[in-house]
Each structure stands twice: as structure tokens, then as C-alpha cells.
Amino acid sequence: MYINWSDNVFSKSDKTNRTELDTAKQLNEHIPEHVAIIMDGNGRWAQKRHLPRVAGHREGMNTVKKITMSANNLGVKVLTLYAFSTENWKRPSSEVNFLMRLPGDSFDTFVPDLIKANVRVNVMGYIDQLPDYTQKAVKNAIANTAQCTGMVLNFALNYGGRAELVTAVRKIAQQVSDHKLNSDEITDETIDENLMTASLKPNADPDLLIRTSGEERISNFLLWQIAYSELVFTDVLWPDFSDQTLKDCIYQYQQRNRRFGGLK
Ligand code: V07
């Protein structure tokens, strides 16, 4: 497989020192199993074109479709996308309403392609707080792809990292007060099991977290789960994010030593 790495990630010497074969081999051998993405920059993409913010979200949805197929083709096992945060309710109601229609609007064109590609939809977040039509669309996407055995496309929808931890602490406290668990038996695994990513095991934690649009913050996305993740930030706005940008981010991931705090 010939991989055409774009120019923006490496220096001239990199390019001359590595062969196409090296690059292709690397791409085949060190693909992160769980990739999580903060899809930022839709509003800015629209603004630059003198379009309403929602036009950026619509284009962002097209990028979701494209990048899902790219990640699946590269051999990614779990792709987690931050679609709507618990903080996004503060946006103008017209924008929130538009976003809440996206899962339903995308259903007819997206789900058949997901089934063909053997991709299973999973959703994590406080789904019961979403409008009925959004809940229905999400549940349909999950049900219609339930038999798929390939990549998991995991949407974080009305999700917040701190809220997730609060929920987990409450669940664990309840188990202690019910005498089902001793407080001294609480370990990392107890917390893992009570987070919304528990069903993604053995790939609950992202290997690679990407944030687009030049912002370098976590913004209450996955907190516990990114303890050892490689963080890659790109200036590319989400609607402009391409198959090549994904490969560039994975290339950066591949260049880093993942030592988990221990010795090499
Ligand atoms: C949303 C589009 C991508 C750019 C960033 C935010 C806006 C896909 C979904 C989705 C979620 C569940 C599902 C099917 C599709 C989605 C919202 C926003 C609220 F089952 N993209 N996307 N949902 N954006």
C-alpha cells in the first residue's frame, strides 16, 4: 500500500530518510486501536465562508461519514467522536435544535453505509435528556447496526467527563452502602467498570486523542480514560479534516514513545 503522507507533518530530512515502504509498514503495524476526536471548528469554518454556524455542522456531519470509513479502512477498532457535550446546551436554542436533528437527518444515508462497512454504532452520554426524536434516531442507529462486528463508532452525545465520574462515584457508593462492595476493594478496575466506556473493553481507553481547530484543551471530554493517551492537536477545522489529516495524526502518534510512565 502506497501512503502519500502530506508535507505538513515532517521536515525535509524526515522525508528523505524514510522510504515509502517504511511508511506503509508503519501504517500497517502501529495503528491505534481506539481513536477519539474532539470535532472542533465547524462554526469557524462556516464563518470564514459567511455562512450560518449550522452550515458548518452540516458539513461536519459529512466529515463524520468520511472519517468513519477512513478509520475503519485503516483498521481502527473504536472511533469515539465528541458530538455534543453537556455544556453545549448553553448555545443558542436554534443551534441546539439543529444539532439534535442531525442524528435523525443522517440516519437514512449513513446507517446503510455503516452496515455495508460492518461498523457498529454505540452511544455514550445522558441520552434520556435528549428530545424524543433524537433518542429514537440514536436507538435506531444502534439497533440497526447491532449485528455488525467490525469497528465501533462510539458517539459521545450529551456527554461530560466530570458528570460521568460523578455518576460512577454514585454507583460505587451505592454498592458500598448495599454491602455489595467494601470501600477497600475499590480499585482502578472498579472505576473502569462504572464508566460509560466499560462496554468498549478491551479498548475502553483511547490510544490517540485528536482535537481539531487549533484548541489545545480537553474541555471535559474523556478524563479518566485519557490518562495514557497520546494527544495530537491539529489546526485543521473539522469540516476540512480529511483521510490524509487522519493519517498525519496517526503518523504523529506512531513517532512517540508510549512508555506508560515506566522505563523503555
Ligand atoms: C453532530 C456533526 C459533527 C460535527 C460536530 C458536532 C455536530 C453525528 C452525529 C450522530 C450521533 C448519533 C448517531 C448518529 C449521528 C451527531 C450531533 C451532532 C448531536 F446515532 N454528528 N453529529 N450528533 N455533529
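Things to note:
- The chain: most fluctuating residue of S242, S229, S177 per GNM, C-alpha cutoff 10 Å: S177
- Spatially close lysines, pair count over the stretch 22-132: Cα under 18 Å, gap of eight or more or interchain: 5
- For Q244 and T187, a Förster radius of 25 Å and the Cβ-Cβ distance give a FRET efficiency of 0.05, rounded to the nearest 0.05.
- Value at 222 nm in deg cm²/dmol, rounded to 500, when DSSP H runs of n ≥ 4 in the chain each add -39,500 (n - 2.57): -14000 deg cm²/dmol
- Over the stretch 181-264, Cα pairs under 8 Å with separation of 6+ residues give a relative contact order of 26 percent.
- Per residue, the average separation of C-alpha pairs within less than 8 Å and at least 6 apart gives the chain a relative contact order of 26 percent.
- Taking 19 Å as the cut-off, the amide N atoms of the stretch 33-59 that come nearer than this to a point 7 Å along the Cα-to-beta-carbon line of D108 belong to 58-59.
- Under the combined filter of DSSP loop state and at most 10 neighbouring Cβ atoms within 10 Å, the stretch 124-210 retains these trypsin sites (Lys or Arg not before Pro): K180.
- Shape parameters for the chain, alpha-carbon atoms, Rg then Dmax in Å: 19.3, 64
- Simple label model, 7 Å out from Cα along Cβ direction - K116 to T149, nm: 2.2 nm
- Length gained on full extension, S219 to M69, computed as 0.36 nm times the residue gap minus the Cα-Cα distance: 51.4 nm.
- Ranked Y133, Y159, criterion: other C-beta atoms within 10 Å, fewest first: Y133, Y159
- Overall form of the stretch 119-264 per C-alpha gyration tensor (a/c, 1.5; a/b vs b/c): oblate
Values in this text are rule-based calculations from the coordinates and carry no lab data. Keep in mind that what you see is a predicted model, and the values were worked out from it rather than measured. Note that we place each Cβ from the backbone using ideal geometry, even for glycine, and neighbour counts take in every protein chain shown.
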